[in-house]
Structure formats: structure tokens, C-alpha cells
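To keep things clear, I will list the structure first and then write my remarks on it.
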There are 2 protein chains.
Amino acid sequence: MMTAASGVVLILGLSTILCAGAAYEYQIKTIDVPIDHFTYTSEATFKLRYLINETFAQNTNDPNRPILFYAGNEGDIELFAKNTGFMWELAPKLKASLLFIEHRFYGQSLPFGNASFDSPKNLGYLTSEQALADFALVLRTLNPINGTNRARPVIAFGGSYGGMLAAWIRIKYPHLVAGAIAASAPIRQFQGVTQCGIFNQILTSVYQVAYNAECASNIRRSWTMLQNYSSTAEGLRVLNEKFKFCTNITKATDVTETFFDYLTDVYGNLAMINYPYESNFLAPVPAYPVREFCGRLDKNYTGAELLDHLQSALTIYTNYDGKATCLNINSSYDGSGIGDRGWDFQACTEMVMPMCSDGVHDMFPPQQWNMQTYSDKCFKKYGVHPHPANALLNYGGEFLEGSITNIVFSNGLLDPWSGGGVLRSTNDNIKIVLIPEGAHHIDLRASNPNDPASVTRARSVHVKNIQKWLDEYRKQQRVY
Amino acid sequence: MMTAASGVVLILGLSTILCAGAAYEYQIKTIDVPIDHFTYTSEATFKLRYLINETFAQNTNDPNRPILFYAGNEGDIELFAKNTGFMWELAPKLKASLLFIEHRFYGQSLPFGNASFDSPKNLGYLTSEQALADFALVLRTLNPINGTNRARPVIAFGGSYGGMLAAWIRIKYPHLVAGAIAASAPIRQFQGVTQCGIFNQILTSVYQVAYNAECASNIRRSWTMLQNYSSTAEGLRVLNEKFKFCTNITKATDVTETFFDYLTDVYGNLAMINYPYESNFLAPVPAYPVREFCGRLDKNYTGAELLDHLQSALTIYTNYDGKATCLNINSSYDGSGIGDRGWDFQACTEMVMPMCSDGVHDMFPPQQWNMQTYSDKCFKKYGVHPHPANALLNYGGEFLEGSITNIVFSNGLLDPWSGGGVLRSTNDNIKIVLIPEGAHHIDLRASNPNDPASVTRARSVHVKNIQKWLDEYRKQQRVY
């Protein structure tokens, strides 16, 4: 994974940064943080990992030289550092330090080592509040108040869940973070605020427009076709032969549950990483991977033909680099650095994002959202019940007027997560950036000749907002 | 205590409220809240107590009728409800509900019943963050978002630590609280921000001006005098006879540690409750109790004479109602409803407020602040070390520009806690109210004919700010 990700640097055309001698180069450090920031029941700590680059901030004595901080999300922090080229391009211009802090329970920041996923007694410490408190402690430690002078200004960045954290750290710790760029941050993808079907509707529209309308129709029909195959021993044999599953499937539910879930994830992932250039974030994929995928489902296929074309299309995601020898349907993030074990727990506790489909407005098998069923399943897996109201209770999000400031919410409208994002604001201090042609947090990626104009514009709006926050911060510099 | 506190109602002259049929009348309710809001290690809950009065909000359909919420501090919530007459006077004017939420580990809100003070495994859940999360959950539960309409506006109130919590809940949960009146809230009484000697300097000045300058001089000399008595068996016998300690003192340190600490607390308490009328908050005392106290230390006394006068002065605090049969020097809050057991733990964990004295700029025995000594003592008592930087890390307070809004910080300048309060603001949305003649959060008390003009003015500034926040909230009423 590391090698593959390093390769991305060149693919993404970061030659300017390479010239500056800092091609995603960073020091890897750790800091001891409390396992529990919110009680005094124990003094146990663990080593939280962060990446730091001081190259661009070295040659200035400006006490207000910024710190660009990435709020690590559900994966190895190196993955995010290497896929957030925007920060690397910005740092030399602002003479800024770069800081990427890993989220607890992901990457190498495991509070209980190998026992970290023992639930709920250890895994229960995996919460967004604890992660924000980790970030706060690292920020304060690396960026202390200097006598009667304020600390250096910190700008938070994050994409997806990291974008939620970037927005939330500005909301919860405004004294530590001067502003936040929250890219594709679905802070409203919660019960009672965003309808459960929106995600799959947007996702479907991406597949409808990527190549031609047959793509989504083929996918919509494929579920019954696959189910039919799953219902006989011969059908299962054919599926095993076609898809080359790493572990042979042996029963109908291997298809209608495991494989269906996998396919649903892959379709979502392909839409998220539907960038206009070759990339390797969740998996190595070509430019416009949804278009490539849909190009292989370009006619009204049925039966064995649909099966063949679906299998072929799928390899756009599963085997673009030709290295895969079999298909692991247990995770659509296999080898990417994304920590789906941890995320599954978070989705079962506070990050409960209701999803549903009806097969009419979307291309998925009809499936209602049932909180009770979901809750029971989570309890069975983890021994604790979801608290679906906690995120909105803790962070707000229903209404954003007045009380919070200095956040940009950006969303690509071709990103299924945009439905749970902040797309409107009546608060002058909360800025909205819409990227009609954008996929998942594309604006945080390194610039690329293939970027649509709306992405380039989004980045320049980000820069203007950041500059405004930094100017404000400078002006407010006062001894109290 | 309950009987005594009920008596206060009449003493404070709340006849108008009595006429309205709501003389501090409230329903006492409980709600199940998680013992730990910030992990998912357990699903244990406990019953948190709150007091509610709906009398004044009953006869209106205004969806924006306010909720006046008192952020309970370190004691029985009924004590604060009965000593926060300002809210009771305001409620009928604003057609508001009144809500007083008890702080966990105080009053009857004991998460582990009788075992609540087992440290650190149970007592460790006593933190300000958990308390704020309790408040947030109660607020959201009693004041839900109604479809696409916002909840009713909530105005937070609090005095002292409760004032800190009122400010902090507005900072941390701005979506739940429209504004906060933080009275005598020493949010800056922490390491590195406020000098450790300030509290005792202000305190001394109160004793210097209350009657005549001899008072503070006598107190300053009394420490050596008492130490001399403590050094002989005959001296100890005299002290026992004079002060009628509930438990006979038997050794020097009973005087130089236990009794000295007690006296220091009493002098602080007397200054805090130095109200211009008879009251019963921390103890039953006459109007201007410091003046009464100092009236008995009006000349340059020494030796046995100083002892006699000190003992007599002390009874202003210890036996004003003539009911005490002995002097309990283990707590200066005995029977008041204040939970000093819980507070001592908080002071040993995150509420570390450095105090020192030099005997020159103040009237106390010279005592340096030594974090290491303090820390060791705390660890010995509770098994955990203090985290003196946590409050500022979590809540900010060093600089208050720009990022936070809608808080009034009021401080009586005759209150020793004002030194750690917010006395200046360069942020238009943070208002400062100074009350030159005011003691500890006097502005939250019921109005009284003896109130100095500055107190009356402070309350009218509070009303104006509250009105402004409510107007803002009404205007922002939007469906998102």
C-alpha cells in the first residue's frame, strides 16, 4: 500500500512540490495521549501518531506563520497525507507547517495494541469526541501559547469523516483552530435531518449520467439475476468461477448478503473516487472510473451476458493494476489503509447514518431503514446499542445560524455524500462551496491538469477564506 | 437545610413572586443519563435530578417562549434554585420556563449511590465535560427540535462554578443555548493566566475596607498567635475551651493545618456572601457580614484578647442563628448543601486553581504555590494526578476574541473570585458587567431594597442582553 501510494505522487503531477524537495515528506512522530480524556478513572495513555513537515515554515520568524492541520479520519494517516495534495501545495505559499494527526483506533494509533478491537471494553474508547480531544491536546502541545502571545493560527482540513472532524474541532475548540475547510463532510447525514434514500439516489444518478442510462438499469436488474444464480448449486458454482472469490461462496446468503453489501460499497466507492485522472485512494483506478465501469455495461444485458459484463466492469475497481488473484468480498477497502473495522463500530454507536433504497428512485434492491433491526445487529456484534441522536446532540447541524464561524463546507455534487452535507447557509461566517463536477473531496487533492474548472475555483475560494481567517487572526493578536 | 433555605424566600423579600403563586415552587424530576457520555464501553445510566417550573410559560403558544436554565454547580440544586431569585423574577416577564439541572455527584444526583465517592473508579466520572453533556442531554430531551422548527431558545445562567458551566455550555453547545449569563465565573483562575496571589489580595482588601484597617491587621497577626497557642498543651486546652471544637484538637497541626484551612475558607466565604441583607447561602449570616465580623476586630488586639475577639467575630459565620453547639472545622460548608467532597476531587483533577499568599500584600501566612506538592497530595488522596492545563485546553479563556458569542461575564469587584474572571473583552459579542459594590454573583439573587445601584444596573444590563439574544433567535427562525 505504501509503495502504491507513493506512486500516486507522480501520477498526480505534483512536480512543483517535488522541485521544492518535499514530495509528501514528513517526520513520523508519536505523542502520549490519555485513553480517556473525559474521566479521571485512570491515567492510562497510548501513543498517537502524527506526521509533521516544517520545511516551509522554517525560514520565517513570523509568529503567525500558520499550521495546516489535517484531522485524520478512519484510516492510516499516511493515506490521507498522500491524498491531500491541496495542503502540500498551499504550505509553501503560506510558509506553513503541515501536520496530519492520526485518528485513534486507525493506522498505528491503537490504544490497546492488538486488543484494541475487543468490544466494548476497549473499542468503546473509539469516539469522535475522544478523537477531537486527542487532536486538541496535540495542537496545544505542539503550538503552545507563548507567554502573553497567542499561539500560531491553525487551519483545519479534512475530507469526508475527516471533514466532519475539521468542522467539529472548529465548533468545539474555536480557541485552538482559526478556521476549517470541511470537504465533503456529511455532518447532516443523521436521523431526522437527511432522508435515508438520498445517498442512493445521488449515487444512482452518477451511474445514469457517466456513460449512458443502461448502466444504472443493468445494475438495477443485476440483483435479481445474482439472486437467481445464488438459489442453485450450479448457479453458485458459476458465480465462483466467474468472480474468483478468494473464499468460495457456498450458500445463497453469501450472495444476497455478503456480495450484495460488497457491490453496494464498491458502487459507492467508485462514485466517491470518480476523479478525472488515474488515482489510488481507496483502490487503484483509472481516470473517470465510473465512466469506465459503465462503458462495460453499455447495453441492455440480461442473464449470463449481464453476469459477464458486470464481472468485467467490476475489475475497474477490483483489479485495475492487474495484481489481484482473487476477489475478497469481505471488504471493499482491502489493502487501502481504510480501517473498516473501526468504522463499523463507529457506525454502530454514534455515526449512525440511515440508508435505504426503493429500487425505483435508485438502482438498489428495495431496503427500508429499520432502526430497531440495525440496533439489534449492532448490539449482537459489539455489546452496545447505537445512540443515533448523539452526533447532532453533540455537534449540532440542524441549524447553523449565528453561533458558529469560519467553516467552509465544500461538496462535489456528484458525490453521494453531498446529500448529507451542508449545501446552504444563512450564516455569513459559514461558507458554502458547491462543485457541480466534483466527486468526494476532490478539492483537497493535488491540482491536476484534468481538474474541471469548478474544482480549481473551489480551491481558490478555499485560499481566499483561509487568507481571510489568517488576516482576522493577525488583527486580533492582543495581549489580554 | 431545606427548612432553613425555604426561610430565605421570605428574608429575600420575594413577595411579588409569592403573590404570583410560585415562591420557588418547582417539580422535582429525574432523567436517566449515561454515566459516561464520551465512550461506549458501558450502557450504565443514573438518575440526574432537575427542577422545573412551567407556571409562567403555560399561557402562551409562542414557540419561542424561552427556557431559563440554571447550570447546577457543586451542591444540591435546590440550594441554587432558592438563591437565584433573578431568574424567578425574570420568568413571568418573559413567559419563560424555569429549569435547574443538578450537577452529577452533588445533591441527590449520585451516579453510584453511596459508592459514588470511591476514587478514582467511580469518582473519576465527576468532570465538567460530563456535567455539560448531562445538561445538553436534558436540554435536548425537554426541548426537542420540532420537525423543521427549531427548539425553544434557552438562556443559561450560573454563578461561580455554575457560571463557568453556563459560559462553557454556550461555548461547547451553541446549538442548544442561545446565550449565557455567567456571574462571578472565574474561567481564568488557572495556571499561567491568573497569578496565584490575586484571590487573597482581593480578599484582604475586602477586610481592609469593610470596617477599619485593623481587621486585616488583626487577622494577619492571628496566625502567629494561634500557632503559639498550638505549640503547648495548655495552649491547645485554651483553644478547645474558647472555640468549642466539635472534635477536640490534640496536636499542633490540628491548628496550623486544619484550623488554618478552615479559617481561610471562612474568610473567603464571608467575602463571597457579603451581601447587603441577611442571607443564608453558605451559612446564615447578617447583612454585610464582613463588616459585622470586622466590627469585632476593630482595634489592634494581641494575645488572649485577639483570641477572644477572633472567636467572637467568627460566630458571625459559624453561629449567627445561635443553633450551633460546637465548631466543626472540617468543613466551612457544613449543612449548606455545598458538596465539598466532590469539589475537592474536582480541584484535584481539572479545576486546579492555584492559590498563594505572601503575608505582605495579603493577610495570610506566606505560602507558595507548589504544583508538585499539590499533585502529590492529590494523588495520595484520589489515586490520580491533577491535569492543571485541561480546563484551558478544553474551554479556552486566555483569549476570547471573535470565536465565541452571546456571553455576559459579570463580576462583583468585592468578590475575591473576580480576579480570575473575565473583566475585559475586545469581542463585541462578549459583554462585561462590573459591579463595584458586588460580592459573589449577587446579581443572580432576588432583588432587594438594600441592593446597591450597581447591582440593579447589572440586572437591567442582563435583561437587555437576554432580550437581544432572544430577538436574534426569533429572527433566525428558519427552516433549513
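Any aspartates and glutamates with Cα under 13 Å of the A:Lys464 Cα? List them, leaving off those in the same chain fewer than 8 positions away.
Those aspartates and glutamates meeting the cut-off are A:Glu472.
Based on DSSP H runs of at least 4 residues, each adding -39500 (n - 2.57), what is the mean residue ellipticity at 222 nm of chain B after dividing by all its residues, to the nearest 500 deg cm²/dmol? Numbers along the way, then the final one.
Numbers: 16 runs with 185 residues, N = 480.
Mean residue ellipticity at 222 nm (helix-derived): -12000 deg cm²/dmol.
List the trypsin sites (Lys or Arg not before Pro) within segment B:308-400 that DSSP assigns to loop and that have no more than 13 neighbouring Cβ atoms inside 10 Å.
Numbers: sites: B:Lys323, B:Arg341, B:Lys377, B:Lys380, B:Lys381; in loops: B:Lys323.
Sites meeting the loop and neighbour criteria: B:Lys323.
How do A:Glu89, A:Glu25 line up, fewest other C-beta atoms within 10 Å first? Present the calculation step by step, with values, prior to reporting the outcome.
Working: A:Glu89 18, A:Glu25 15.
If I rank by nearby Cβ atoms, fewest first, I get A:Glu25, A:Glu89.
Once R0 is set to 51 Å, what does the formula 1/(1 + (r/R0)^6) return for the Cβ-Cβ distance between A:Asn319 and A:Asn59, expressed as a FRET efficiency to the nearest 0.05? Don't skip to the end; give the middle numbers.
On the way: r = 46 Å, r/R0 = 0.90.
Efficiency, rounded to the nearest 0.05: 0.65.
Report, in degrees rounded to the nearest 10, the 0 to 90 angle that the Cα long axis of helix A:198-210 makes with the longest principal axis of chain A.
Approximately 70 degrees, to the nearest 10.
Across every pair of different alpha-carbon atoms, what Kirkwood hydrodynamic radius in Å does segment A:83-229 reach?
Working: mean 1/r = 0.0531 Å⁻¹.
Computed over segment A:83-229, the radius equals 18.8 Å.
Provide, for q = 0.19, 0.21, 0.26 Å⁻¹, the log10 of I(q)/I(0) from a solvent-free Debye sum over equal Cα point scatterers in segment B:192-256.
Log10 I(q)/I(0), no solvent term: -0.82, -0.86, -0.97.
Just the number, please: percent antiparallel of the DSSP beta bridges in segment B:48-139, rounded to the nearest 5. The partial results should precede the final answer.
Numbers: 4 of 9 bridges.
So the antiparallel bridges in segment B:48-139 amount to around 45 percent.
Output, in nm with one decimal and in ascending order, the distances from the B:Gln195 label point to the matching label points of the other copies (7 Å from Cα along Cα-to-Cβ).
6.5
Per residue, how much space in cubic angstrom lies within the convex hull of the C-alpha atoms of segment A:251-389? Could the numbers behind the result be given before it?
On the way: hull volume 20.2 nm³, N = 139.
Spelled out: Cα convex hull of segment A:251-389, divided by residues, is 145 Å³.
Out of all DSSP beta bridges with both ends in the protein assembly as shown, state the antiparallel percent to the nearest 5. Can you show the working numbers first?
Numbers: 34 of 84 bridges.
Taking every DSSP beta bridge with both residues in the protein assembly as shown, the antiparallel ones total about 40 percent.
Residue-wise, which Karplus ³J(HN,Hα) couplings in Hz belong to segment B:96-106, taking 6.51 cos²θ - 1.76 cosθ + 1.60, θ = phi - 60°, and x for glycine or proline?
9, 7, 10, 9, 10, 9, 6, 7, 3, 6, 10
Placing the label point 7 Å from Cα along the Cα-to-Cβ direction, what are the distances from A:Ala324 to the equivalent spots in the other copies, shortest first, in nm to one decimal?
7.9
Please report the net charge: other residues with Cβ closer than 12 Å to the Cβ of B:Asn218, K and R +1, D and E -1. Please list the in-between numbers first.
Numbers: positive: B:Arg220, B:Arg221, B:Arg296, B:Lys299; negative: B:Glu214, B:Asp298, B:Glu305, B:Asp308.
Value of the local net charge: 0.
Could you tell me what a quarter of the Cα convex hull surface of segment A:295-338 works out to, in nm² with one decimal place? List each step's numbers first, then the result.
Working: hull surface 15.6 nm².
Mean orientational projected area (segment A:295-338, Cα hull): 3.9 nm².
Among A:Lys93, A:Lys121, which comes first, then next, by fewest other beta-carbon atoms within 10 Å? Spell out each step's value before the answer.
Values: A:Lys93 10, A:Lys121 13.
The order, fewest Cβ neighbours first, is A:Lys93, A:Lys121.
Relative contact order (percent) for segment A:167-323, with alpha-carbon contacts under 8 angstrom and 6 or more residues of separation? Write out the running numbers ahead of the final one.
Numbers: 150 pairs, mean separation 35.5, N = 157.
Answer for segment A:167-323 is 23 percent.
What does the charge count near A:Phe199 come to, summing +1 for each Lys or Arg and -1 for each Asp or Glu among other residues with Cβ under 15 Å from its Cβ? Present the calculation step by step, with values, prior to reporting the outcome.
Values: positive: A:Arg188; negative: A:Asp261, A:Asp265, A:Asp358, A:Asp362, A:Asp415.
My count for the surroundings of A:Phe199 gives -4.
Work out how far the C-alpha atoms of segment B:256-301 reach from end to end along every principal axis, then list the three figures in whole Å, largest first.
Each principal axis gives a Cα extent; for segment B:256-301 these are 33, 26, 13 Å.
If you take the C-alpha gyration tensor of the protein assembly as shown, multiply each eigenvalue by 5 and take the square root, what semi-axes do you get, largest first, in whole Å?
After scaling each eigenvalue by five and taking roots: 60, 28, 26 Å.
Work out how much length B:Asp308 to B:Asn240 would gain on full extension: take 0.36 nm times their residue separation and subtract the Cα-Cα distance, in nm to one decimal.
Working: separation 68, 0.36 × 68 = 24.48 nm, distance 1.25 nm.
Using 0.36 nm per residue and subtracting the Cα-Cα distance, I get 23.2 nm.
Hey, could you pull the Cα Rg and Dmax for segment A:329-370, both in Å?
My reading of the Cα-based Rg and Dmax gives 13.2, 34 Å.
Can you name the chain B residue with its Cβ nearest the rotation axis from B to A, and give the distance in Å as a whole number?
Taking the axis that maps B onto A, the answer comes out as B:Phe38, 2.
Once you wrap a convex hull around the alpha carbon atoms of segment B:66-110, what is its projected area averaged over all directions, in nm²? Could you put the intermediate results ahead of the total?
Details: hull surface 11.3 nm².
Computing the convex hull of the Cα atoms and averaging its projections yields 2.8 nm².
What is the Cα centroid distance between segment B:447-462 and segment A:161-238, reported in whole angstrom?
58 Å
Which whole number gives the average, over all residues in A:169-175, of C-beta atoms from other chains lying within 10 Å of the residue C-beta? Let's see the in-between values first.
Working: counts 0, 1, 6, 6, 7, 9, 14.
Neighbouring Cβ atoms belonging to other protein chains average 6 per residue here.
What shape does segment B:61-160 have by the C-alpha gyration tensor, where a ≥ b ≥ c are the square roots of the eigenvalues, rounded means a/c under 1.5, and otherwise prolate means a/b greater than b/c and oblate the rest?
Numbers: a/c = 3.18, a/b = 1.65, b/c = 1.93.
Oblate.
Multiply the residue gap between A:Ala233 and A:Ala347 by 0.36 nm, knock off their C-alpha separation, and tell me the result in nm, one decimal place.
Details: separation 114, 0.36 × 114 = 41.04 nm, distance 3.46 nm.
Difference between extended and current length: 37.6 nm.
Tell me the angle of helix A:161-172 to the major Cα principal axis of chain A, expressed in degrees between 0 and 90 and rounded to the nearest ten.
30 degrees
Would you mind getting the Kirkwood hydrodynamic radius of segment B:360-436 from its Cα pairs, rounded to one decimal in Å?
Details: mean 1/r = 0.0644 Å⁻¹.
Kirkwood radius, segment B:360-436: 15.5 Å.
Sort B:Arg150, A:Arg457, B:Arg220 so the one with the fewest other Cβ atoms within 10 Å of its own Cβ comes first.
Taking fewest neighbouring Cβ atoms as first place, the list is A:Arg457, B:Arg220, B:Arg150.
Counting only other chains, what is the mean number of Cβ atoms within 10 angstrom of the Cβ of each residue in peptide B:405-411? Don't skip to the end; give the middle numbers.
Numbers: counts 4, 2, 0, 0, 0, 0, 0.
The shielding value for this peptide is 1.
With the calculation restricted to Cα positions, what are the radius of gyration and Dmax of chain B in angstrom?
22.5, 78
Rg/Rh for segment B:331-465: what does it come to with C-alpha atoms and Rh from Kirkwood? Mind showing how you got there, number by number?
Numbers: Rg = 17.9 Å, Rh = 17.7 Å.
With Rh from the inverse mean 1/r over Cα pairs, Rg/Rh is 1.01.
Round to the nearest 10 and give me the degree value, 0 to 90, for the angle of helix A:303-318's Cα axis relative to the longest principal axis of chain A.
It works out to around 20 degrees.
What does the net charge come to around A:Ala324 if you take all other residues with beta carbon closer than 14 Å to its beta carbon, with K and R at +1 and D and E at -1? Display every interim value, and only then the final one.
Details: positive: A:Lys244, A:Lys323; negative: A:Asp321, A:Asp334.
Result for the local shell: 0.
If the chain between A:Gln372 and A:Asp32 were fully stretched, how many nm would it gain, using 0.36 nm times the residue separation less the Cα-Cα distance? Display every interim value, and only then the final one.
Working: separation 340, 0.36 × 340 = 122.40 nm, distance 3.88 nm.
Stretched out fully, the A:Gln372 to A:Asp32 stretch lengthens by 118.5 nm.
From the label point of A:Gln108, set 7 Å along Cα to the beta carbon, how far off in nm is each other copy's matching point, shortest first?
5.4
Values quoted throughout were computed directly from the atomic coordinates according to the rules given, and no laboratory measurement underlies them. Keep in mind the model is a prediction, meaning the values are calculated, not measured. Positions of Cβ are backbone-derived with ideal geometry, glycine not excepted, and every protein chain shown enters the neighbour counts.
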